[in-house]
Amino acid sequence: MNATPWILGTLIVYKIILIAIGVWASRRTQNTEDFFIGGRKLGPWVAAISASASSSSAWTLLGVSGAAYAWGLAAAWLIPACLMGFAINWFIVAPRIYSQAKQRNCVTLTEYLVGSEQNNLRIYWVRSASFMIIISFIFYIAAQFQASGTTFAATFDMNMNQSILIGGIIIIVYTMIGGFWAVSLTDTLQGLMMALTSVLLPIGALIAVGGPSELFQQLTSLQSDTLRPGMTASIFFIAGTLGIGLGYPGQPHVVNRLMALKDKRSLKRGTAIAISWAVLVYIGMVLLGWCGRVLFSSLPDTEQIFIATARQTFPPVIFGVMIASVLSAIMSTADSQILVAASSLTYDLNQSKSKTKIRLLHSRAVVLGVSILAILLALFASQSVFSRVLFAWHALGSAFGPIVLFRVFGHDIQPKFLGAAMWSGFLGTVFLHLLPNSQGDFLERLVPFFIALFLCFLGKRSV
């Protein structure tokens, strides 16, 4: 039975739902605060699941399962690494940034980072933060469009350029129409699809392997023979892997969901939902990768283990739905980043006039412009450009994360140290990313973050 019609049918239904959400959300979008932060009215489910999906998305379904396939038992460290990031955001950052951002009327993370003190340095640091966000996200979004195009082209035997345009246009429409509300609701739908897939597929794969005891017996025997050499759980590998979690507080497209929470009750329930989601999804994807290691002795691309296992384990109908969930996840990842990039251009950089005068039409036009630029990069830039987008997560995490952590605990930072921390985190990550990889990428993931944290400490002053 051919799975292609089921994949195509599921995608069509899903995209119709996305457009419908965008139209509905447009009715709740009356001003720029609504467009960029949802009027601070996010309930627990939307805040928790949309934030989780924005921070994880297709990287979790394909990347984590692929890493577990390649690394074997050492991939277990991915679970505490990612859970640590969720715990930092929801137990430490969320309760404080929710109330502080509301009290200070901050709409964007940049506005929260630089504070309200009016001086020439503040304007410079706003521009610096906006530059970092735009540079990181433009290339990241373009890579997402290219990834979705590659998957569409391989699945449906379509032209690559047509695939990129179709995926990009869908995202542009619902993001431009509905803004933050549309992005949050569509990411919630995406996150629920990811959770469902993370339960069904690992269970099916575990049954195919022969159960938990058979899995670990087989995996242990394979560990010393066929798994990638050097991926043992050394101290540097563990430190570098755990360093993934340090990037979470500095992600603007994730933290803005925490700033948009409706009330303390939503915060409490949202924390429980987000942590439960993370446990379910990350354990499921690591388990899937391990099962795939037993089921498939070799694959040309380790990140295809998700698709290969789904094809072998389930009938075409269910396989089609699972592939559709991956395609949807890849396509939907870019929406939050598009909105944040647009907010940096229209809101953060608007220093010459009152922010109340920024019109929704202008904001939507910038969303369109950012999206078109990303699509053009996806269509015409060389592949070598996209090999560098992986620095975006850690570059922003190291640039903004230490400052966020200092501010949520009630400390201000002297302007000169604020800028030094921001730039050292960003440029340090870019520089180390260009060097040969260290084990677990511990240099790139840890050194810039702690340098920035140290600079924050030197410039600390109590509010």
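Please treat every number below as a calculation from the coordinates, not as lab data. Model, not experiment: these values are computed from the prediction. Here Cβ is always computed from backbone atoms with ideal geometry, including for glycine, and neighbour counts include all displayed protein chains.
Odds and ends about this structure:
- Per principal axis, descending, Cα span of region 53-104 in whole Å: 47, 19, 9
- In this structure, Ile235 and Ile135 have a Cβ-Cβ separation that, at R0 = 25 Å, corresponds to a calculated FRET efficiency of about 0.15.
- Count Lys and Arg as plus one, Asp and Glu as minus one, and take only other residues whose Cβ is under 15 Å from that of Asp187; the net charge is then +1.
- Asp412 long-range amide H proximity, modeled H, under 5 Å: Arg461, Ser462, Val463
- Potential extension, Val199-Ser297 segment - 0.36 nm per residue separation minus Cα distance: 32.9 nm
- Pairwise Cα inverse-distance average, inverted: Kirkwood Rh of region 416-463 (Å): 11.2 Å
- Estimated inter-spin distance, Phe450 and Ser99, nm [label 7 Å along Cα→Cβ]: 3.2 nm
- Whole-Hz ³J(HN,Hα) from phi, Karplus 6.51 cos²θ - 1.76 cosθ + 1.60, for region 166-172, glycine and proline x: 4, x, x, 5, 4, 5, 4
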